[in-house]
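A short write-up of the structure that comes next.
The values are calculated or read from the model by the stated rules, or taken from the named source; none is laboratory data. These figures come from a predicted structure and were not determined experimentally. Virtual Cβ from ideal backbone geometry, glycine too; neighbours counted across all protein chains shown. Please note that ligands, DNA and RNA were not included when accessible areas were found on the heavy atoms of the full protein model with its side chains. Shrake-Rupley method; radii C 1.70, N 1.55, O 1.52, S 1.80 Å.
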Amino acid sequence: GIMQGKRALITGVANERSIAWAIAQAFKAEGAELAFTYQGETMEKRVRPIAEEAGARAIIDLDVSRDEEIARAFAELGKTWDRLDVLVHSIAYAPREALDGRFTDVTSREAFRVALDVSAYSLIALARAARPMMRPGGNIVTITYAASEKVVTNYNVMAIAKAALECGVRYLAEDLGRDGIRVNAISAGPLKTLAAAGIKGMRGMLAENADKTPLKRNIEHEDV
């Protein structure tokens, strides 16, 4: 496979329907070695069994909203691997109540702070922590969505976070390019994931989207 001998850290797997999980499976099929992060005990119960099934070299607890947690996670990863080839950032969060209702009413200062911190700043923080382990030819990939540019009903503050994430990708790409590290975002279409379940009216959006695409179908996880 084209990723034989490559080492990839996958963040953001919640269950088998996660985009991050589809990416991990594709990497494994191409020969990559994998490590995973999860957040907290509840997620560990979901992630550990499937990560072990994928032959994970490391499964690490990581709360990206805390710098000391990020430092600890990379120190732990360093015990298993001396280098990292790929970092997959598939982490986003906004309080659920901010994803339903009139944008002006539901976008509290706290919802904005949390969404931007967890969904956009975390890429910068993880990139900084990963850089010492990465060599020229390394890759950092994140997941975004077109709502960053056009209004999608109820996507609300999450869309602002994605716009910030995409801007961060450009600045990281320029900065880390001098170390030979590429930084990119994949803008996937709407997919049935745990995250999508939190957005009101998602089912209707999926139906409408399928109707408007040239292939008259929604994308599948494997497409991403």
If the requirement is being farther than 16 Å from A130 by Cα, in contact with a Phe, Trp or Tyr (Cβ under 6 Å, 6 or more places away or on another chain) and either buried (at least 19 other Cβ atoms within 10 Å of the Cβ) or not aliphatic (A, V, I, L, M) (or both), which of these qualifies: A32, A22, A56?
A56
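Give me a count of the residues in region 1-19 that are open to solvent by less than 70 Å² (accessible area, probe 1.4 Å) and either among the hydrophobic types (A, V, I, L, M, F, W, C) or part of a helix (DSSP H, G or I) (or both).
Filtering region 1-19 for residues open to solvent by less than 70 Å² (accessible area, probe 1.4 Å) gives 1, 3, 5, 7-15, 18-19.
Applying the additional criterion that residues be either among the hydrophobic types (A, V, I, L, M, F, W, C) or part of a helix (DSSP H, G or I) (or both) yields 3, 8-10, 13-14, 19.
Of the residues in that region, 7 qualify.
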Of all residues being within 14 Å of the chain's Cα centre (by Cα) and of a type in the set (A, V, I, L, M) in region 167-190, which is modelled with the lowest pLDDT? Just the residue, please.
A188
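Quick check, is A147 outside any strand (DSSP E or B), crowded, with 21+ Cβ neighbours inside 10 Å and without any contact (Cβ under 8 Å) to a residue 24 or more places away in the chain? If you could, list the steps in order and put the result at the bottom.
Numbers: outside any strand (DSSP E or B): yes; crowded, with 21+ Cβ neighbours inside 10 Å: yes; without any contact (Cβ under 8 Å) to a residue 24 or more places away in the chain: yes.
Yes; evaluated as a whole, the condition is true for this residue.
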Please identify the pairs in which a residue from region 104-119 that is at negative phi has its Cβ atom under 9 Å from the Cβ atom of a residue that is at pLDDT below 95 and surrounded by fewer than 18 Cβ atoms within 10 Å (Cβ to Cβ), counting only partners at least 6 apart or on another chain.
V106/D100
Which listed residue is free of Cβ contacts under 8 Å to residues at least 40 places away in the same chain and either of a type in the set (D, E) or out of contact with any Cys (no Cβ under 7 Å at 6 or more places or on another chain) (or both), from F36, F27
F36
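Working carefully through the options V86, V64, V47, find the one that is crowded, with 20+ Cβ neighbours inside 10 Å, under 14 Å from A8 (Cβ atoms) and touching a residue at least 24 places away in the same chain (Cβ under 8 Å).
Of the residues listed, the single one that is crowded, with 20+ Cβ neighbours inside 10 Å, under 14 Å from A8 (Cβ atoms) and touching a residue at least 24 places away in the same chain (Cβ under 8 Å) is V86.
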